[in-house]
């Protein structure tokens, strides 16, 4: 049985940040297993340490947690919760979800509302941690830990993402995001890629289903005409790309958070969102912030500066 069960309902970036938080939980060590019920598939992280094992939510009966009726709980849900310590990101301590989790015989339940308090001006994981500590959860404070918290150990096999039978560690560029307003102009990302190529770097782009659906053929063609483009990789495919990349250059988006969790160096471009709250966490995570309103053409961020930040990142 897993040491902790995590219930999560958000997108990939929120899930990666929740896993960052979970690495700080009491009893979580390299030999631990974290079970995660999530609709989002981050790829197979079971070989990492701690081991992260995703449980798809289909067929579990999570809907019962949100109901107010007298229907008995689904048996599979009871079996999943009973006897476990639960980190619940589906509702706060006053929610129906929290109350119903306790009724299923959980060893302990710690709940938090994942929505940020933007007035707090501290990182979202620090906000979540404060909510958990207010419930009596003692988060270990270790002086030897990095300021961004403990790290996930990623096996070398996962980092050796291959292409044509050889290890491939490109500078990976993900120019998309779930919100179009969070996307630095594509021409700027292409400008970064050209500078990296001129300096002898191997560069590859990747886009997800959102970009494949919303972007025009001209936008995708502008990338494909000059650089390798991996379109809509599977969850395991994206995981391999992120783990094997020399550096990831990205908007404020899920892949940046997952890459940082894996320990991959990241350069994240922020515009309308706040890096104080949402920056990726990790020893090699860097970010730049621009102003889309005053400089919509490039947000006031020189592509040469982004390229320099990427090439100076630890290999």
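The values are calculated or read from the model by the stated rules, or taken from the named source; none is laboratory data. Bear in mind the structure is a predicted one, so any value in this text is a computation, not a measurement. Here the Cβ positions follow ideal geometry from the backbone for every residue, glycine too, while neighbour counts run over all protein chains shown.
I need the full set of residues from segment 8-53 which are more than 23 Å from residue 113 (Cα to Cα), modelled with pLDDT under 95 and crowded, with 17+ Cβ neighbours inside 10 Å, in order please.
32
Go through 190, 171 for me and flag whichever is buried (at least 18 other Cβ atoms within 10 Å of the Cβ) and either in contact with a helix residue (DSSP H, G or I) (Cβ under 6 Å, 6 or more places away or on another chain) or at pLDDT below 85 (or both).
171
Looking at the structure I just gave you, is residue 210 at pLDDT below 95 and either over 19 Å from residue 125 (Cα atoms) or in contact with a strand residue (DSSP E or B) (Cβ under 8 Å, 6 or more places away or on another chain) (or both)? Please lay out each step first, then the result.
Numbers: at pLDDT below 95: yes; either over 19 Å from residue 125 (Cα atoms) or in contact with a strand residue (DSSP E or B) (Cβ under 8 Å, 6 or more places away or on another chain) (or both): yes.
Yes; evaluated as a whole, the condition is true for this residue.
Answer yes if at least one residue in segment 215-236 is surrounded by 20 or more Cβ atoms within 10 Å (Cβ to Cβ) and under 21 Å from the mean Cα position of the chain (by Cα), and no otherwise.
Within segment 215-236, not a single residue is surrounded by 20 or more Cβ atoms within 10 Å (Cβ to Cβ) and under 21 Å from the mean Cα position of the chain (by Cα).
Collect the residues in segment 22-53 that are under 21 Å from residue 155 (Cα atoms) and out of contact with any helix residue (DSSP H, G or I) (no Cβ under 9 Å at 6 or more places or on another chain), keeping them in residue-number order.
22, 29, 30, 31, 32, 33, 46, 49, 51, 53
Yes or no: residue 176 at pLDDT 85 or above and either in contact with a helix residue (DSSP H, G or I) (Cβ under 7 Å, 6 or more places away or on another chain) or closer than 30 Å to residue 296 by Cα (or both)?
Numbers: at pLDDT 85 or above: yes; either in contact with a helix residue (DSSP H, G or I) (Cβ under 7 Å, 6 or more places away or on another chain) or closer than 30 Å to residue 296 by Cα (or both): yes.
The answer is yes for residue 176.
Please count how many residues of segment 75-94 are closer than 13 Å to residue 64 by Cα and surrounded by fewer than 17 Cβ atoms within 10 Å (Cβ to Cβ).
The number of residues fulfilling the criteria is 3.
Can you name every one of the strands (runs of 3 or more DSSP E) wholly within segment 244-299 that holds 2 or more residues which are farther than 26 Å from residue 114 by Cβ and modelled with pLDDT of 95 or more? Let's see the steps before the verdict.
Numbers: elements: 247-251, 266-270, 285-289.
Output list reads 247-251.
Hey, does segment 274-297 have a residue that's farther than 24 Å from residue 120 by Cα, outside the structural domain of residue 124 (by TED's automatic domain parsing), crowded, with 20+ Cβ neighbours inside 10 Å and out of contact with any helix residue (DSSP H, G or I) (no Cβ under 7 Å at 6 or more places or on another chain)?
Looking through segment 274-297, none of the residues is farther than 24 Å from residue 120 by Cα, outside the structural domain of residue 124 (by TED's automatic domain parsing), crowded, with 20+ Cβ neighbours inside 10 Å and out of contact with any helix residue (DSSP H, G or I) (no Cβ under 7 Å at 6 or more places or on another chain).
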